[in-house]
1. Taking every pair of alpha-carbon atoms in segment 564-622, what share in percent sits in each 5 Å bin, from 0 to the bin with the longest distance?
2. Defining a contact as two alpha carbons under 8 Å apart and six or more residues distant in sequence, what relative contact order in percent does segment 564-622 show?
3. Got a sec? Charge dipole of segment 564-622, +1 on Cβ for Lys and Arg, -1 for Asp and Glu; which of Phe604, Ala588, Thr616 is way out at the positive end?
4. So which of Lys308/Lys338; Lys409/Lys568; Lys338/Lys409; Lys587/Lys633; Lys587/Lys612; Lys409/Lys587 end up more than 31 Å apart by C-alpha?
5. Can you compute the equivalent ellipsoid semi-axes for segment 275-389, i.e. the square root of 5 times each eigenvalue of the Cα gyration tensor, sorted largest first and rounded to whole Å?
6. What does the charge count near Glu656 come to, summing +1 for each Lys or Arg and -1 for each Asp or Glu among other residues with Cβ under 12 Å from its Cβ?
7. What does the charge count near Ala454 come to, summing +1 for each Lys or Arg and -1 for each Asp or Glu among other residues with Cβ under 14 Å from its Cβ?
8. Apply the Debye scattering formula to segment 383-485, with a single equal point scatterer on each alpha-carbon and no solvent, then give log10 I(q)/I(0) at q = 0.20 Å⁻¹.
Amino acid sequence: MPPELHVICGPSFEADRRTDPSALRLNRTGPDSNVFLTIEDMRQRMYQDPPDRFLDLLDIAAYVYAADQATPRKGGRVEDFEQHWRRHFLFHIPVRDPDFWRSASTCDRLASVLNFASDDDFRFEFVPLRTSPLLRNCIQFDGTMYDGVVDEVVMFSGGLDSLAGAVQESVLDQRKVLLVNHRSTPKVAQRYRNLLAGLRTHAGDANPLNLYVRVNKDSDLGREYTQRTRSFLFAALGATFAAMIGLNRLRFYENGVISLNLPLSAQVLGARASRTTHPRVLRGYAELMSAVAGRPFAIENPFLWRTKTDVVRLIADAGCGDLLRLSTSCAHTWAQTKDHPHCGDCSQCIDRRFATLAAGQEALDPGSEYGVDLLTGERADGISRGLLAGYLETANQVGRMSPIQFFSKFGEATRVFRHVEGGAETVAHQVYDLYQRHAREVNGVVDRAIAANATAIRQRELPQSCLVRLVSDSGERPDRVDPPSATAFDPRPPFEETDYVFRRWNSVWAVRFAGGPYILLRPSRGAAYLNILLSRPNTPVSAIELFCTVSRRGTEFAIETTGPRADKDAVAAYKARLIELQAIREKAEEENDTLVLEEVDRDFRDIESEIKRVMTPRGRIRQDAGTWEKIRKSVGIAIRRVVEEIRVNRGSEVAEHLRSSIRGGQRVIYAASPRIEWQAGNNEKSFPLHEK
């Protein structure tokens, strides 16, 4: 594990007390500043400065973004990901409202959302700020066409998705929007201006207001290109301006395939696969912004259930197809030229080109403007070829999967269930449908390309490493070009399919009743309890045993019904379990298993929290009463909750059967019907992988 990097923020006199010579020092104000946050082209002067908490938020976001760029990741290869790719930061930041930022709830929200968005590890220490620079010292204002009237604040990158969002808001809905754009390099500045001019022409009276954000650093701080915390800076800026003009929400527009962040190729792992608009990230941002604002604040992605092809069609159908070639999606800005604004190698360019071809808009997105042609261009060995090969093979596999097969292979898709409105079954079908449509679009482009190049393929006129040859040559399967890019898919379930099934299949629970369709359930304690009961029909099982089996705690955890919350043996067992979890973590790091790592981290937090609950800071065991009763209630509530989840997900028959057949109390029993035999199996090894 890489060492923790200390990031000392603020003026030098604020940080002099810390003398760590290896620390990264960042300062946004004063003569020794090296981080610069400037907002241009906002013509309306603000009538008041933002509240202190929003000013603190902007400082924190700017420092996090600068540190992200200043600290290079050191794992270039997929197999090195866990060991070298993830970084560990400890920030020391002066703030105006230290009590708010030091609170456990605020710190937890901030660190949790940044950890997931970036795949790094963040910790924060906040100190009182001695000087308080005003926002107006960092923003250049000069006029507005709207007299301060804005219907929506929208993040605008200049790529296809954000362009489609701007078209939806300004052209189709005729709403007045403020577009917040980050000018990351002078190379794309003119393209942004041309794109905005074209958008304003199409929008007519609803032409949008644009706000350019420039975050500059000293040249020696620009060492890392992934910039996964940029969305946090955008969210902070957008939320600040939305709150200042009386709005209670902010919108990101990004297609669902990118937002949900499933690994369409193993070459795009962790922070290299964007999580900037993952539903969990947006909900985390919204919770943080709501705390900062002191009122509910929403952050939305209206394109969550659209593919990138859908996005391109929206632009074309709105009569704005001429704007396609002015947009820029490429992540490799250093590789862009006047003739080739798209490198053609990065995942964004591959996504973009597949979408424009699938939507039939290739004439408005000329292939000549890509550094590497998607279909027939020669690709170098390594990441570029492996990325494309994995992308193609995954689309090929997904197109043949049933819903249960899809969630078995992509268990991380269940992460979205808790962060999107709707029951687990409804959301599961939406996720599955999204990826099925994406697969059909990609496979359709490939099929047409093979047909169009049939003669060239037969005569071996195309480069061997091009897409068409990769998928058409005999014996040359894409996943063999670079083994990590795709994993073998076995469409058969790992258990016998009978009429009555309640089994864990990777990261979902599969439920089938009377030979009907499968119902998918997100991981939960209640589902694990039900699995145990159904696998032991007509056998009483104590609530204590259910709880301890699923939570992987020894029964000594809850032996006493009154008195001490735990004994010394229990505390020792907790500490021993922490050692076991550390071994699991190390193995998961070696195997690049980010899902297990996330669950292990959650179990770590649970056990550490339990140790704090049962012991005082001085090491004494706390006294409590009614442990068994509390566990009995929690088990009953968890079972009732999952039965209700089954009911609302079109499982009323099985829900009614479970309600009438399960009897609760200190000992819980499933009174089985003679005609029903459940395929429940033994899933105990998966019980730690539950969600609260």
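1. Pair shares across the bins are 4, 19, 25, 20, 13, 9, 7, 3, 0.
2. Relative contact order of segment 564-622: 46 percent.
3. Thr616
4. Result: Lys409/Lys568; Lys338/Lys409; Lys587/Lys633 exceed 31 Å.
5. On the way: eigenvalues 199, 69, 33 Å².
Taking √(5λ) for each eigenvalue gives 32, 19, 13 Å, largest first.
6. 0
7. Counting the neighbours of Ala454, the net charge comes to +1.
8. -1.01
Where a number appears in this text, it was derived from the coordinates with a stated rule and is not lab data. All of these numbers come straight from a predicted model, not from anything done at the bench. Every residue, glycine as well, gets a Cβ built from its backbone with ideal geometry; the counts of neighbours run over all protein chains shown.
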